[in-house]
1. Answer rounded, prolate or oblate for the stretch 2-69, using the Cα gyration tensor with square roots of eigenvalues a ≥ b ≥ c: rounded when a/c is under 1.5, else prolate when a/b is larger than b/c, else oblate.
2. For the stretch 55-120, rounded, prolate or oblate, judged on the Cα gyration tensor with a ≥ b ≥ c (square roots of eigenvalues), a/c < 1.5 rounded, else prolate if a/b > b/c?
3. All other residues with a Cβ under 13 Å from the Cβ of Asp92 taken together, and with Lys, Arg as +1 and Asp, Glu as -1, what is their net charge?
4. If the only charges are +1 at each Lys and Arg Cβ and -1 at each Asp and Glu Cβ, what is the size of the charge dipole of the chain around the Cα centre, to the nearest 20 debye?
5. With every protein chain kept in place and ligands, DNA and RNA left out, what is the accessible area per residue of the chain? Probe 1.4 Å, answer in Å².
6. At Ser61 and Glu108, where each label point lies 7 Å from the Cα along Cα→Cβ, what is the point-to-point distance in nanometres?
7. Let me spell out the model: positive unit charges on the Cβ of Lys and Arg, negative unit charges on the Cβ of Asp and Glu, origin at the Cα centre of the stretch 14-90. What dipole size does that give, in debye rounded to 20?
8. Carbon and sulfur atoms: what percent of the 1.4 Å accessible area of the chain do they account for?
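The values are calculated or read from the model by the stated rules, or taken from the named source; none is laboratory data. Just so it is clear, the structure is predicted and the values come from calculations on it, not from any experiment. Virtual Cβ from ideal backbone geometry, glycine too; neighbours counted across all protein chains shown. Areas reflect the complete protein model, heavy atoms only, side chains present, ligands, DNA and RNA absent. Shrake-Rupley method; radii C 1.70, N 1.55, O 1.52, S 1.80 Å.
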Amino acid sequence: MVELNESRPGKPELIGRIGALIVRWQEATQRYDETVGEIFRLNASERLCLSFLTSGPQTASAIAKATRLTPAAVTALVDRLEARDFVRRRPDPQDRRKVLVEAGPATEALIRDVYMPLAAAGAPVYEKRDIAELLVVAEVLEETIAVQDDMTERLVARTTKP
């Protein structure tokens, strides 16, 4: 918790502290997700795919873009996940020639049994904050994610130049 008293840090120190906390948060999230992967025998690409599908059914090409896998690798990934009931394929209602991939019963159980308890355990952290504080947190997180996405694109562009 941030303490506000007469010995509070200056802005540069606070920015440094926030940066260090973001790194620790990323590491804690990665540890949790890797532990989930070990327990449920899901590799990083499979977990990323399942996370992506929480926003709704997706095409294989959208999954390929989100996971940065080739179409052939996505087909194999979806086959593996479908065999274990983590995903299912269904026709796209807008275009019956297309196939959508959606979360299956095993993903729904994983969310219910592993991620919902995490969200419930973390809820008090946000519940004790007022709306103005939460708006600042949301704004900072959105802007930080945008910076991270931009820097990722720059890094990819830099490494793919001839």
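1. The shape class here is prolate.
2. Cα axes put the stretch 55-120 in the prolate bin.
3. Within the 13 Å Cβ shell, the charges total +3.
4. 720
5. That works out to 75 Å² per residue.
6. Between Ser61 and Glu108, the label points sit 2.9 nm apart.
7. Dipole size: approximately 180 debye.
8. Percent of accessible area from carbon and sulfur atoms in the chain: 60.
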